[in-house]
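Enquirer: First, the structure itself, so that you have it in front of you.
The values are calculated or read from the model by the stated rules, or taken from the named source; none is laboratory data. Bear in mind that the values here come from a model prediction, so they are computed numbers and not experimental data. Cβ: placed from backbone, ideal geometry, glycine included. Neighbour counts: every protein chain shown.
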Amino acid sequence: MDIADKDTRHKEEISFLKTVIAKAAWFPYFREMLRIENLCYLVGFCEGQTATLVKRKPLEYAGELYPEEHGRKFKTEKAVVQVI
């Protein structure tokens, strides 16, 4: 594959991604879901736990969490966490 082909493919991929991003605006809660996802990762949830929480399902959790606003880790056992 030469440079011209790579450049064309790159431009097509960028165009596709711009279209996807533009369509995301059709879903009013999309931006909020991304914010929730980011917050879940910052606090300490793994990918699977974050997926559960973003779907607004309850999650039973035991372990450590790090809420940034408190600046320290908290240990929890059998806590039920849910985004409402």
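Enquirer: If ILE36 satisfies every condition in (1) outside any helix (DSSP H, G or I); (2) of a type outside the set (Phe, Trp, Tyr); (3) under 20 Å from the mean Cα position of the chain (by Cα) but one, which is the exception?
Expert: ILE36 satisfies all of (1) outside any helix (DSSP H, G or I); (2) of a type outside the set (Phe, Trp, Tyr); (3) under 20 Å from the mean Cα position of the chain (by Cα) except (1).
Enquirer: List every residue pair whose Cβ atoms lie under 6 Å apart, where the two residues are 6 or more positions apart in sequence or sit on different chains, the first residue falls within the range 47-73 and is surrounded by 12 or more Cβ atoms within 10 Å (Cβ to Cβ), and the second residue, located anywhere, is of a type in the set (S, T, N, Q).
Expert: From the range 47-73, the pairs are PRO58/GLN82; LEU59/GLN49; LEU59/THR52.
Enquirer: Among the residues of the range 1-31, write down those that are assigned to a helix (DSSP H, G or I) and small (Gly, Ala, Ser).
Expert: Listed by number, the residues that qualify are ALA4, SER15, ALA22, ALA24.
Enquirer: What residue, among those in the range 39-84 that are more than 23 Å from TYR29 (Cβ to Cβ) and of a type in the set (A, V, I, L, M, F, W, C), is modelled with the highest pLDDT?
Expert: ALA62
Enquirer: Name every residue in the range 49-66 that is among the aliphatic types (A, V, I, L, M) and outside any strand (DSSP E or B), in order of residue number.
Expert: Restricting attention to the range 49-66, the residues satisfying the condition of being among the aliphatic types (A, V, I, L, M) are 51, 53-54, 59, 62, 65.
Selection gives ALA51, LEU53, VAL54.
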